[in-house]
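The values are calculated or read from the model by the stated rules, or taken from the named source; none is laboratory data. Computed from a predicted model, the values in this text were never measured in an experiment. A quick note on method: Cβ atoms are made from the backbone with ideal geometry, for glycine too, and the neighbour counts reach across all protein chains shown. Surface accessibility is based on the protein's heavy atoms, side chains included, excluding ligands, DNA and RNA. Shrake-Rupley method; radii C 1.70, N 1.55, O 1.52, S 1.80 Å.
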Amino acid sequence: MTDASERDVARSELRWGLITIAAVSVIMLAVIYAGVVMHINPPSNVERIDPKGLHLSAEFTEANLGTKVEANGQITARIVTTQFAFVPRCVILPADTPVTLRLSRPDVIHGILVSGTNVNTMVVPGFVSQVHTTFRKTGDLLMPCHEFCGLGHSEMLATVRVVPKSEFHPGPDGRIACAAK
Ligand code: CUA
């Protein structure tokens, strides 16, 4: 009798152990699938950059900021957030197209969100914040800094101009900037 019940306990524990392993495996596979296949990962993707040499680095020099269509067709908007401005103040991107925002900053911690979308990330000195998204609505979306970064924090905002694909015409170098309105 005692033997049987001990065996029952062991079997029950084993069963729950296996269920737990199965559940954790499903969650881990979902996380890996989202990261590798769907490219969903935390914006702070542990990509380091020297904040002091930001404007000298190849990627975040002034001439390389704004929207660019890469050779492989990838559309990337590069933005530097500083106290207390975005460079550039406006980026233009096509709707219904996967796009990437890459942000970095030379000074203090900022945070950005694009109103009406799920784009929301901290921008931490020494790192590149990267967000993959697809904008569904067209129009000028406000992109404010939402992390208190100093006296000018409330003045710190930019615009993401989302245009229909048919109106997105980058130049021969793949670059496109917001036209003055
Ligand atoms: Cu930058 Cu608040």
Q) What percentage of the solvent-accessible surface of the chain, computed with a 1.4 Å probe over protein heavy atoms, is contributed by carbon and sulfur atoms? A) 63
Q: Rounded to the nearest 10 degrees, what's the angle between the helix 2-36 long axis and the longest principal axis of the chain, both from Cα atoms, 0 to 90?
A: 10
Q: State the antiparallel share, in %, of DSSP beta bridges confined to the chain, rounding to the nearest 5.
A: 70
Q: With a 1.4 Å probe and every protein chain left in place, work out the accessible area per residue of the stretch 47-176 in Å², rounded to a whole number.
A: 48
Q. Can you give me the relative contact order of the chain as a percent, contacts being Cα pairs under 8 Å and 6 or more apart?
A. 22
Q | Rounded if a/c under 1.5, otherwise prolate or oblate - the stretch 47-176, Cα gyration tensor axes | A | oblate
(Q) Let me spell out the model: positive unit charges on the Cβ of Lys and Arg, negative unit charges on the Cβ of Asp and Glu, origin at the Cα centre of the chain. What dipole size does that give, in debye rounded to 20? (A) 460
Q. Roughly how many Å² is the accessible area per residue of the stretch 1-41, as a whole number, for a 1.4 Å probe?
A. 91
(Q) Which trypsin sites (Lys or Arg not before Pro) in the stretch 58-98 sit in a loop by DSSP (not H, G, I, E or B) and have at most 16 other Cβ atoms within 10 Å of their own Cβ? (A) 89
